[in-house]
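S.K.: Got a structure here, written out as structure tokens. Questions coming.
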Amino acid sequence: MGTISKRESLTFLGPSEALAMVMIYMGAKAFLGYPRLMAYQGLNAGWLLTVLGGLTAAAFWLAVSALLARFPGKSIVEINEIILGRPLGLGLNALILVYLVFSSGVFLRQFSESVIITALPDSPLSSLAGLFLLTVLIAAYFGLESISRNSHIALPFILIGVAAVLVSLYTFWDAKELLPILGAGAGPVLVHGLLGSSAYGEVLLLAILAPFFSFGANTIRKVGLIGIGVVMLYFAAITAVYLMVIPIPGATETLAPFYQLSRTIYVGRYYQRLESVFVLFWTYTAFLQLAIGLIVTALAAQATLKLPYYRPLLPALAVLFLSLALTPASLMENTIIEEYQLLYGGLFLFLVPFGVWALAALKEKAEKQ
Amino acid sequence: MAARWLVFREEEPRDNFVLLDHKQGDREQQGRNSRKSGGDEAVPRTRISKKPRPIRRKKEHGKASNPGEDEEGFYTKLLVDPRLQTNKDYIETIYSLPKNQDIIVRDFTISLEPPVQAFAVFIEGISDRVTVNESVLKPLMLLSGKRPVTEPAKLAEYLKKHVVYGNQVDVQDKFEDIIEKINYGGTAVFLDGSPYCLTIESKGWEKRPVGKPVTEQVIRGPHEAFVETLRSNTGLIRKAIRNPRLITEIFKIGVRNKTDVAIMYLDNLANPSLVEEVRRRINSVDTDYVSESGILEQFIEDNPFMPVPQVISTERPDRVISFIMDGKVAILMDGNPNVLVVPTTFFSLLHSPEDYYLRLPYGNFIRLLRVAAMFIAFVTPAFYVAITTFHQEMIPTDLILVIASSRETVPFPTVIEVFFMEFAFEMIREAGVRVPGVIGNTLGIVGALILGQAAVQAGIVSPILIIVVALTGLASFAIPNYSMSFAFRGVRFIFTALAAVFGFFGVSAGLFVLMTSMTGMKSFGVPILSPIGPRTKSGPDILLRGPVWSMEERPDFINAREMRRQPDISRGWIKSSPQEPEPGGGDNQQT
């Protein structure tokens, strides 16, 4: 990956850490508006959209991982330059970089807004976004190794926490709410399902961090597929329970679906209103997601711009994230942006590398001839 | 200077030690040695061919000045002079005699044929009087047999072999070595006409006998603790590990005052690169004086600014023994009852030796209790502040009413109350350590009962807060490692402050930063959160432990030379099938 700092060059992550990172990077959006968007697009078949999106994403990922296999030990940033040449490659990498910054900015705003909705209604947005950024900046300064290990340790707790919420709502489950099975109809479900692959676009993280892994392209492919698979099940489970507990049309209007779910829990007098406890789980996930976003963006920028170190970029990127997060005038505006991102983000994250892979395949064929 | 804070500078590349598998480690080590031999060859120490000139002493203002006064260790290149008076001058200069009054110089005559003049040097208080009299002076003055000795150069060797019957006697010619022996309780005997000196081991100072542990008590298990004497401590370990491959290496650290530091490890178990790294770190310490193992710990640890310790400090020999048997390295310092063990992990810091001595269910029960105590110790005040300030909906209505009514008369916000009481608790704890023992117990009772009760009655704090503070304090005492307990005691104040401003969101931020910082920490090349971050192979002994017969292998992160502790079936008796009871017979059958 271009030039990397001496310290980072010693970092090699194992498959379990890579898997944890990619799952958290992809899966954190379940705590934001993702289940609502699925309910809105697919109505009662919202959960089906997550499955179709996951399958489409897996197909795209196979192409991207095939591209990585052609250039062992190289990141997608380097590969773009090798295949497209320096000027075009630089342009494409800049595009990916812009998307990464934009995406983290949107997430930062959404997470901060969610904290206001769920826990601190009187706190100013900038103070919450500020704490998010400060914390994430410290974590990114500790480095990729620390963040990946933190993800690996936290992942089981996050999964157990989510499972606990879903199971605790058992008494409210109403399976009839999942019918009709195709919800809004086969056409809309198929279209939105394909576009829904964007929700898994963060799997590209593996392609950006490829030089930091202690394993080869084959394992990268497997890690990506397992990550997409598990996150798909997790998205499907959350969306399905959401639809079963909060029926349509209410499900299409909730701003913080997961919060609403945890708030609904009533198992007994002493096991109710546990939304604050789950704040710990999902904010921890949000910290991890943003920290991964920050360090991945910094490493991608370092490689794109051929810089010796990435750490000086961290404060600058943090300021960019904050500026972007505070740009939308209202929560609603940001929610619309988030929806666009969830629909069309895949164009950047999947179609561009897919195009590069196709070009590489054509080039190879031409060279052989 | 200001530019330092304005301009980014990447951290200076350090020699980042990573504990590798011992085979790789060996290769690394070979590489390191070959580099070392190529670039920085050790200069062989040769005997000074030219005899050093006697130190000139000049009179100044009627007093003898000391030419070596401002030169620390000026005597390091001096050799023993055949002239007795010259040696005496050296000794007087080195020890500033006669100003220095606990240095004893005893002139006497050795009853040989012809009689040889000599003098003995030792330090009152650290040399054993009986040994000096019975093993040094008596044989030399009375029992040397008036035999003729022709060669003065061989005199010292002759006396060592035939006359002096101390158990450790050396013939030496370098003042540096002689002074070192004298400073450590030995007796030096200088002989007229001989360029060699006899040094006889005669240590004998007041020392504490092996006693009970003070901070790491157990109900089941040995009740021995380390003491301040290095050799007693090495002996305590060696008497338990009766293995010839147990190595004790001794180094001296400190320039102005040399202190003995020993490392102990099993040669055929400890990773050679780990041993080398320990040696390297200890030998690289360049300071005037290291008085305590706590100071040595700060010199050799990886991350000095992090709250969690990266070295285990223990006063229990059984604990050190179990670590050595796992392939770790123990570091002992003279004058210290605390032994350091490296590398360590976060989970080792939560373990107590008693966990293993007790049966499996009991051992796991106290481990679970301790883990719960750890969390209680650092998040309970923060949770209390967060819940009462921001997340009241979490508390059932009846309970919130009780809390609200108890806080009705309290004029301060919850966070002020918490800080006030936590600070008071810490003061009681600190004062309890500092005040004399008799008052100490009273102070604890006064602090805990009267101050708490009075504070509630005065309406300064609410009664529920007293429960919170007491619970937190109690939990912090349940953390078995003293340094770790400190870490969580400090961190809880930060968590409380974060909870006061951001509620659970703040607590989550604090946890995130704490975890991220810990995941990046290493202890002698081993990640502190091993074996879960990064995930490495480990036996059933992380938070909970499995049966002792299931711990077949040593933890992977230690990279010991031999990973296996025991075979898959370590309980040999289960291999053989039980004897079939005879028909009509049985243990319970009454006859």
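The values are calculated or read from the model by the stated rules, or taken from the named source; none is laboratory data. Note that the coordinates shown come from a computational prediction; the quantities given were computed from them, not determined experimentally. Counting neighbours? That spans all protein chains shown, and the Cβs are built from the backbone with ideal geometry, glycine included. These area figures cover heavy atoms from the full protein model, side chains too; ligands, DNA and RNA do not enter into them. Shrake-Rupley method; radii C 1.70, N 1.55, O 1.52, S 1.80 Å.
Results for (1) within 13 Å of another protein chain (Cβ to nearest Cβ); (2) closer than 22 Å to residue A:33 by Cα; (3) open to solvent by 10 Å² or more (accessible area, probe 1.4 Å); (4) in a helix (DSSP H, G or I), shown as yes or no for each residue.
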site: A:78; (1), (2), (3), (4): no, no, yes, yes
site: A:98; (1), (2), (3), (4): no, no, yes, yes
site: A:111; (1), (2), (3), (4): yes, yes, no, yes
site: A:123; (1), (2), (3), (4): yes, yes, yes, no
site: A:129; (1), (2), (3), (4): yes, yes, no, yes
site: A:132; (1), (2), (3), (4): yes, yes, no, yes
site: A:139; (1), (2), (3), (4): yes, no, no, yes
site: A:159; (1), (2), (3), (4): no, yes, yes, yes
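S.K.: Moving to a separate point now. Would you check if residue B:287 is more than 23 Å from residue B:254 (Cβ to Cβ) and either over 13 Å from the mean Cα position of the chain (by Cα) or among the aliphatic types (A, V, I, L, M) (or both)? If you could, list the steps in order and put the result at the bottom.
M.R.: Working: more than 23 Å from residue B:254 (Cβ to Cβ): no; either over 13 Å from the mean Cα position of the chain (by Cα) or among the aliphatic types (A, V, I, L, M) (or both): yes.
Spelling it out, it is not the case that residue B:287 is more than 23 Å from residue B:254 (Cβ to Cβ) and either over 13 Å from the mean Cα position of the chain (by Cα) or among the aliphatic types (A, V, I, L, M) (or both).
S.K.: Something else: I need a count of the residues in the stretch A:179-219 that are surrounded by fewer than 16 Cβ atoms within 10 Å (Cβ to Cβ) and among the aliphatic types (A, V, I, L, M).
M.R.: The qualifying residues number 5.
S.K.: Could you identify the single residue in B:237, B:200, B:247 that is free of Cβ contacts under 8 Å to residues at least 24 places away in the same chain and in contact with a helix residue (DSSP H, G or I) (Cβ under 9 Å, 6 or more places away or on another chain)?
M.R.: B:247
One line per residue, one yes/no per condition, for (1) more than 21 Å from the chain's Cα centre (by Cα); (2) within 12 Å of chain B (Cβ to nearest Cβ):
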{"residue": "A:250", "(1), (2)": "yes, no"}
{"residue": "A:264", "(1), (2)": "yes, no"}
{"residue": "A:280", "(1), (2)": "no, yes"}
{"residue": "A:286", "(1), (2)": "no, yes"}
{"residue": "A:297", "(1), (2)": "no, no"}
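S.K.: Take the residues in the stretch B:387-405 that are under 10 Å from residue A:276 (Cα atoms) and in contact (Cβ under 8 Å) with a residue 60 or more places away in the chain; name whichever of them is nearest to the other protein chains (Cβ to nearest Cβ).
M.R.: So in the stretch B:387-405, the residues under 10 Å from residue A:276 (Cα atoms) come out as B:387, B:390-394.
Those still in the list that are in contact (Cβ under 8 Å) with a residue 60 or more places away in the chain too: B:390-391.
Numbers: B:390: 6, B:391: 4 Å.
Restricting to residues being under 10 Å from residue A:276 (Cα atoms) and in contact (Cβ under 8 Å) with a residue 60 or more places away in the chain, the top hit is B:391.
S.K.: Given (1) over 20 Å from residue B:141 (Cβ atoms); (2) surrounded by fewer than 18 Cβ atoms within 10 Å (Cβ to Cβ), where does residue B:162 come up short, assuming only one miss?
M.R.: Of (1) over 20 Å from residue B:141 (Cβ atoms); (2) surrounded by fewer than 18 Cβ atoms within 10 Å (Cβ to Cβ), only one is false for residue B:162: (1).
S.K.: Let me ask something additional. Answer with yes or no whether residue B:343 is under 13 Å from the mean Cα position of the chain (by Cα), closer than 26 Å to residue B:373 by Cα and modelled with pLDDT of 90 or more. Break it down into steps so the answer makes sense when it comes.
M.R.: Details: under 13 Å from the mean Cα position of the chain (by Cα): yes; closer than 26 Å to residue B:373 by Cα: yes; modelled with pLDDT of 90 or more: yes.
So residue B:343 fits the description; yes.
S.K.: Which pairs have Cβ atoms under 6 Å, sit 6 or more apart or on different chains, and link a residue in the stretch A:1-25 that is more than 7 Å from chain B (Cβ to nearest Cβ) to one that is modelled with pLDDT under 50?
M.R.: Once the first residue is more than 7 Å from chain B (Cβ to nearest Cβ) and sits in the stretch A:1-25, no partner that is modelled with pLDDT under 50 comes close enough.
S.K.: Given the conditions (1) assigned to a helix (DSSP H, G or I); (2) open to solvent by less than 60 Å² (accessible area, probe 1.4 Å); (3) modelled with pLDDT under 90, which single one is not true for residue A:248?
M.R.: (1)
S.K.: So which residues in the stretch B:328-378 are within 18 Å of residue B:527 (Cα to Cα) and small (Gly, Ala, Ser)? Working first, answer last.
M.R.: Taking the stretch B:328-378 and keeping what is within 18 Å of residue B:527 (Cα to Cα), we get B:328-329, B:340-351.
Matches in the stretch B:328-378: B:348 only.
S.K.: Still on this model: Can you find, within the stretch B:543-556, the residue that is most open to solvent (accessible area, probe 1.4 Å) among those that are part of a helix (DSSP H, G or I) and away from chain A (no Cβ under 14 Å)? Can you show your working first?
M.R.: Start the filter on the stretch B:543-556 by keeping residues that are part of a helix (DSSP H, G or I), which leaves B:548-550, B:556.
Adding the requirement that they be away from chain A (no Cβ under 14 Å) leaves B:548-550.
On the way: B:548: 82, B:549: 105, B:550: 29 Å².
Ranking the candidates gives B:549 first.
S.K.: In the stretch A:256-280, which residues are modelled with pLDDT of 85 or more and of a type in the set (Phe, Trp, Tyr)?
M.R.: A:258, A:259, A:266
S.K.: State all residues of the stretch B:83-99 that are open to solvent by less than 50 Å² (accessible area, probe 1.4 Å), touching a residue at least 40 places away in the same chain (Cβ under 8 Å) and of a type outside the set (A, V, I, L, M); if no residue qualifies, say none.
M.R.: Scanning the stretch B:83-99 gives B:87, B:88, B:90.
S.K.: Would you mind stating whether residue A:137 is under 30 Å from residue B:393 (Cβ atoms) and in contact (Cβ under 8 Å) with a residue 60 or more places away in the chain? If you could, list the steps in order and put the result at the bottom.
M.R.: Details: under 30 Å from residue B:393 (Cβ atoms): no; in contact (Cβ under 8 Å) with a residue 60 or more places away in the chain: yes.
Judged against the criteria, residue A:137 is not a match.
S.K.: Being touching a helix residue (DSSP H, G or I) at 6+ places or on another chain (Cβ under 6 Å), assigned to a helix (DSSP H, G or I), within 14 Å of chain B (Cβ to nearest Cβ) and touching a residue at least 24 places away in the same chain (Cβ under 8 Å) is the requirement here; does residue A:197 meet it? Lay out the reasoning, then the answer.
M.R.: Numbers: touching a helix residue (DSSP H, G or I) at 6+ places or on another chain (Cβ under 6 Å): yes; assigned to a helix (DSSP H, G or I): yes; within 14 Å of chain B (Cβ to nearest Cβ): no; touching a residue at least 24 places away in the same chain (Cβ under 8 Å): yes.
So residue A:197 fails the test.
S.K.: Of the residues B:560, B:470, B:487, which is out of contact with any Pro (no Cβ under 8 Å at 6 or more places or on another chain), aliphatic (A, V, I, L, M), within 21 Å of residue B:301 (Cα to Cα) and more than 14 Å from chain A (Cβ to nearest Cβ)? Write out each step before concluding.
M.R.: Values: B:470 fails: within 21 Å of residue B:301 (Cα to Cα); B:487 fails: out of contact with any Pro (no Cβ under 8 Å at 6 or more places or on another chain).
It is B:560.
S.K.: Same structure again: With within 12 Å of another protein chain (Cβ to nearest Cβ) and over 29 Å from residue B:386 (Cβ atoms) as the only criterion, which of B:540, B:531 stands out?
M.R.: Details: B:540 fails: within 12 Å of another protein chain (Cβ to nearest Cβ).
None of the others qualify; the one that does is B:531.
For every residue, the table says whether it meets (1) among the polar types (S, T, N, Q); (2) within 14 Å of the chain's Cα centre (by Cα); (3) assigned to a helix (DSSP H, G or I).
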{"residue": "B:236", "(1), (2), (3)": "no, no, yes"}
{"residue": "B:249", "(1), (2), (3)": "no, no, no"}
{"residue": "B:268", "(1), (2), (3)": "yes, no, no"}
{"residue": "B:273", "(1), (2), (3)": "yes, no, yes"}
{"residue": "B:282", "(1), (2), (3)": "no, yes, yes"}
{"residue": "B:297", "(1), (2), (3)": "no, yes, yes"}
{"residue": "B:323", "(1), (2), (3)": "no, yes, yes"}
{"residue": "B:331", "(1), (2), (3)": "no, yes, no"}
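S.K.: If you scan the stretch B:319-354, which residues turn out to be surrounded by fewer than 22 Cβ atoms within 10 Å (Cβ to Cβ) and charged (D, E, K, R)?
M.R.: B:326, B:334, B:354
S.K.: Determine whether the stretch A:329-337 contains at least one residue that is in contact with a Lys or Arg (Cβ under 9 Å, 6 or more places away or on another chain), surrounded by fewer than 19 Cβ atoms within 10 Å (Cβ to Cβ) and in contact (Cβ under 8 Å) with a residue 24 or more places away in the chain.
M.R.: Yes: one or more hits.
S.K.: With B:512, B:495, B:524 as the choices, which residue is in contact with a Phe, Trp or Tyr (Cβ under 9 Å, 6 or more places away or on another chain) and over 30 Å from residue B:558 (Cα atoms)?
M.R.: Working: B:512 fails: over 30 Å from residue B:558 (Cα atoms); B:524 fails: over 30 Å from residue B:558 (Cα atoms).
Answer to the selection: B:495.
S.K.: OK, next. Show the residue pairs that are 6+ apart or on different chains and have beta-carbon atoms under 6 Å apart, the first residue being within the stretch A:259-280 and open to solvent by less than 40 Å² (accessible area, probe 1.4 Å), the second being in a helix (DSSP H, G or I) and among the charged types (D, E, K, R).
M.R.: Filtered contacts from the stretch A:259-280: A:259/A:275; A:262/A:275; A:275/A:263.
S.K.: Out of A:176, A:222, I need the residue that is under 30 Å from residue A:77 (Cβ atoms) and either open to solvent by 70 Å² or more (accessible area, probe 1.4 Å) or touching an Asp or Glu at 6+ places or on another chain (Cβ under 6 Å) (or both). Which one?
M.R.: On the way: A:176 fails: under 30 Å from residue A:77 (Cβ atoms).
Checking each option against the conditions leaves just A:222.
S.K.: Does the stretch B:270-279 contain any residue that is buried (at least 22 other Cβ atoms within 10 Å of the Cβ) and under 30 Å from residue B:494 (Cα atoms)? Before you say what the answer is, go through the steps one by one.
M.R.: Within the stretch B:270-279, the subset buried (at least 22 other Cβ atoms within 10 Å of the Cβ) is B:270-271, B:273-274, B:277-278.
Next, only the ones that are under 30 Å from residue B:494 (Cα atoms) stay: none.
No, that holds for no residue.
S.K.: Separate question: Which residues, taken from the stretch A:83-96, are assigned to a helix (DSSP H, G or I), without any contact (Cβ under 8 Å) to a residue 24 or more places away in the chain and exposed (fewer than 15 other Cβ atoms within 10 Å of the Cβ)?
M.R.: A:86, A:87, A:88, A:91
S.K.: Continuing with the same structure: Quick one: residue B:422 ticks every box in (1) open to solvent by 20 Å² or more (accessible area, probe 1.4 Å); (2) of a type in the set (D, E, K, R); (3) away from every other protein chain (no Cβ under 14 Å) bar one, so which box is it?
M.R.: Residue B:422 satisfies every listed condition except (1).
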